[in-house]
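Student: Let me begin by handing over the structure; questions about it come next.
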Amino acid sequence: MSTTTPTPTQHRRNGGDLVVESLAALGADTVFGLPGQHALGVFDALRRSALRYVGLRVENNAGFAADAYARTTHGVAPLLVSTGPGALMTLAALQEAAAGSAAVLAIGSQVPLAGIGGGRHGYLHELTDQSASFRGVVKSVHTARTASQIPSAVAAAWESALSTPHGPVWLEIPQDVLLAEADVPPVAGLEARPRELLPRPELIAAAADRLTEARRPVILAGGGVVRAGAEAELLALAEQLRAPVATTFGGKGAFPWEHPLSLRSWMEDRYTTAFLEDADTLLVVGSGLGELSSNYHTFRPLGRVVQIEADLGKLESNHAALGIHADARAALAALAKEVGEREAREAGPTGDGEEAGAAGPGSGDAPSPEAAVSDLLARVRDRIAGQHLDLEQQVLASVRDALPDGAVSCWDMTILAYWAWSAFDPRRTNALHSAQGAGGLGYGFPAALGVAVADPARPVLAVSGDGGAMYSIAELATARQYGLPVTWLIVDDGGYGILREYMTDAFGAATATELTRPDFVALAESFGVPALRTTPEQLRTDLAAALAAPGPSVVVLPEHLRMFAPTHLDS
């Protein structure tokens, strides 16, 4: 019997090589995913490429990690998965990416070409029409049916994902195409040119008319401002107009929290809703004024609305407006320039706009915009203070104090996250990510892993409840394997806390909300991840220490938190 180790068959470039070569040519350096039988051709090709592969334990979690990576880098995050069950497991993550405008390029395998078309040949993982499952979720669906089609298909999908508004796309390639020999040169010089979405000049002029004539202009900034990187342009325009600025939950970080014109993010507060309604001109940027951004559709503007929105389907979808279909950054820059030029003309040779007759916000007997903002925030504080929620505010303040200013936080769908949407200062742009777009459980921890992959030099905080934590507990192995600096705060209240509150309020009792949960400390330690149990009084110290330590860690807070009272039910 021979004892000679067999040598691998000499590799011939195939469709899988074309996939990874195309991604690298377009600028990718990292891919997320989870292998499967039909996708082995592309995963084998990763071995021969310079691409960094980050493998997670569940496809949905890989999608969440790619989502946060795309948000952090403002670029495209490739996601590689297999056919059928593997592909379908990504749908919840891709829905969140669509809602949050994250450019995830999901590449899935397919059954062999002979099985495509709904013929029911009985291939493993076969679906009648796999791509149909994605059409209602992603921006675009792409297919490559020959190896030579792969580079162009990857480039088209990349371009779609990164065109304004950013969003997820789906590309599928049959198993035999991934394995087919590629009789073409290595991919080089591949280009994708994302479409720019510039505002029309006449619309900018009309918007400038309304804003400069307004006596009470107000701005509502949504997630589109953050995704476009338009924070500087927003600040410039707000200061030119002296317009108060509120940010939606998805827009947190778009405007400095402590700025005298900052209304912050109390979108579920009736005082804030009334303030926005009372504006004679409300500029809405990067928001569709959906359920969470309109205090559950109780918002009723009394003045005129100007809406800048990159997603055409959201433009005037809830309220009539002067609609400007454009990228937030381009539109805000054009608007700030137009407003500035008008102010310069009105000031005249003396440079004194008031003497020229300009009335400006805050003139006359009305309070200044800054005073109006201060008064609103004081009323919000008084409303919350009257509900005896000292524990919840203490916990949130401890998290804020423990988190370094340069750190990023990722929040699951849990009561502490709902507090954070309204009351948490991110202290920098693009520093808070949550699943409030689609609202699915399990986002926080895998998203934090994606952020850490994008920038491993700074700590990342993930926040989950015990129910949401169980969706992604397997990713403790991922965190340990790659040594990612993510601290996971699990608020353990023994159930789905917010659903418990909703059901008790609506029906007098809760059903299906109570959970038997593991010992999270022991479970984390079984993965080799340091963990500890803390108290509200010790949380700040324990969390700060965990964030300062290298690698992953878990901090468990056994505590029942409550939500502040909603105001939309009283309107």
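The values are calculated or read from the model by the stated rules, or taken from the named source; none is laboratory data. Note that the coordinates shown come from a computational prediction; the quantities given were computed from them, not determined experimentally. Backbone-built Cβ (ideal geometry, glycine too); neighbour counts: all protein chains shown. SASA here: full protein model, heavy atoms, side chains in, ligands and nucleic acids out. Shrake-Rupley method; radii C 1.70, N 1.55, O 1.52, S 1.80 Å.
Student: Tally up the carbon and sulfur contribution to the accessible surface of the chain as a whole percent, 1.4 Å probe, everything protein left in place.
Tutor: Of the solvent-accessible surface of the chain, carbon and sulfur hold 52 percent.
Student: Sticking with this one: Please arrange 433, 560, 388 by accessible surface area, largest first, computed with a 1.4 Å probe and ligands excluded.
Tutor: 388, 560, 433
Student: Rounded to a whole number, what is D in µm²/s for the chain from Stokes-Einstein with the Kirkwood radius over alpha-carbon pairs (10 °C, 1.306 mPa s)?
Tutor: Translational D for this selection: 63 µm²/s.
Student: Ignoring ligands, DNA and RNA, how do 314, 252 rank by accessible area with a 1.4 Å probe, largest first?
Tutor: From most accessible down to least: 314, 252.
Student: Under a 1.4 angstrom probe, counting protein chains only, how are 488, 257 ranked by accessible area, largest first?
Tutor: Order by accessible area, largest first: 257, 488.
Student: Next up: Quote the accessible area belonging to residue 383 in square angstrom, nearest 10, computed with a 1.4 Å probe and with ligands, DNA and RNA left uncounted.
Tutor: Rounded to the nearest 10, that gives 40 Å².
Student: Another question about this same structure. If you take every residue apart from residue 35 with its C-beta less than 11 Å away from the C-beta of residue 35, what net charge results, scoring Lys and Arg +1 and Asp and Glu -1?
Tutor: Local net charge: -2.
Student: Express in whole angstrom the spacing between the alpha-carbon centres of segment 169-218 and segment 304-347.
Tutor: 19 Å
Student: Among bridges DSSP assigns within the chain, what percent are antiparallel (round to 5)?
Tutor: 5 percent
Student: Turning to a different aspect of this structure: Taking the Cβ-Cβ separation of residue 181 and residue 477 as r and a Förster radius of 35 Å, what is the calculated FRET efficiency to the nearest 0.05?
Tutor: After rounding to 0.05, the efficiency reads 0.45.
Student: Still on this structure, I have one more. Which angle between 0 and 90 degrees, to the nearest 10, do you get for helix 390-402 versus the longest principal axis of the chain when only C-alpha atoms count?
Tutor: That works out to roughly 60 degrees.
Student: So what is the accessible area of the chain per residue, in Å², with the probe set to 1.4 Å?
Tutor: Value for the chain: 40 Å² per residue.
Student: Cβ neighbours within 10 Å, averaged per peptide: list 260-273, 61-74 in order, most packed at the top.
Tutor: Highest mean packing first, the order is 61-74, 260-273.
Student: Any idea what the dipole of segment 469-571 comes to, in debye rounded to 20, about its Cα centre with Lys/Arg Cβ at +1 and Asp/Glu Cβ at -1?
Tutor: 260 debye
Student: Could you tell me how many degrees, from 0 to 90 and to the nearest 10, lie between the Cα long axis of helix 497-507 and the main elongation axis, the longest principal axis, of the Cα atoms of the chain?
Tutor: 60 degrees
Student: Over the Cα atoms of segment 481-561, what is the Rg over Rh ratio if Rh follows Kirkwood?
Tutor: 1.08
Student: Going by average Cβ density within 10 Å per residue, which order do the peptides 276-286, 30-40, 191-201 take, highest to lowest?
Tutor: Averaged packing, sorted descending, gives the order 276-286, 30-40, 191-201.
Student: Moving on to the next point. If each DSSP helix of 4+ residues adds -39,500 (n - 2.57) and the sum is divided by the residues in the chain, what number results at 222 nm, nearest 500 deg cm²/dmol?
Tutor: -11000 deg cm²/dmol
Student: Straight distance only, please: which lysines reach the Cα of residue 314 with their own Cα at less than 25 Å, same-chain residues fewer than 8 apart left out?
Tutor: Of all the lysines, those that pass the test against residue 314 - Cα under 25 Å, at least 8 places apart if same chain - are 139, 252.
Student: Also: Kindly express, to the nearest 10 degrees and within the range 0 to 90, the angle between helix 150-162's C-alpha long axis and the longest C-alpha principal axis of the chain.
Tutor: Orientation of helix 150-162: about 20 degrees from the principal axis.
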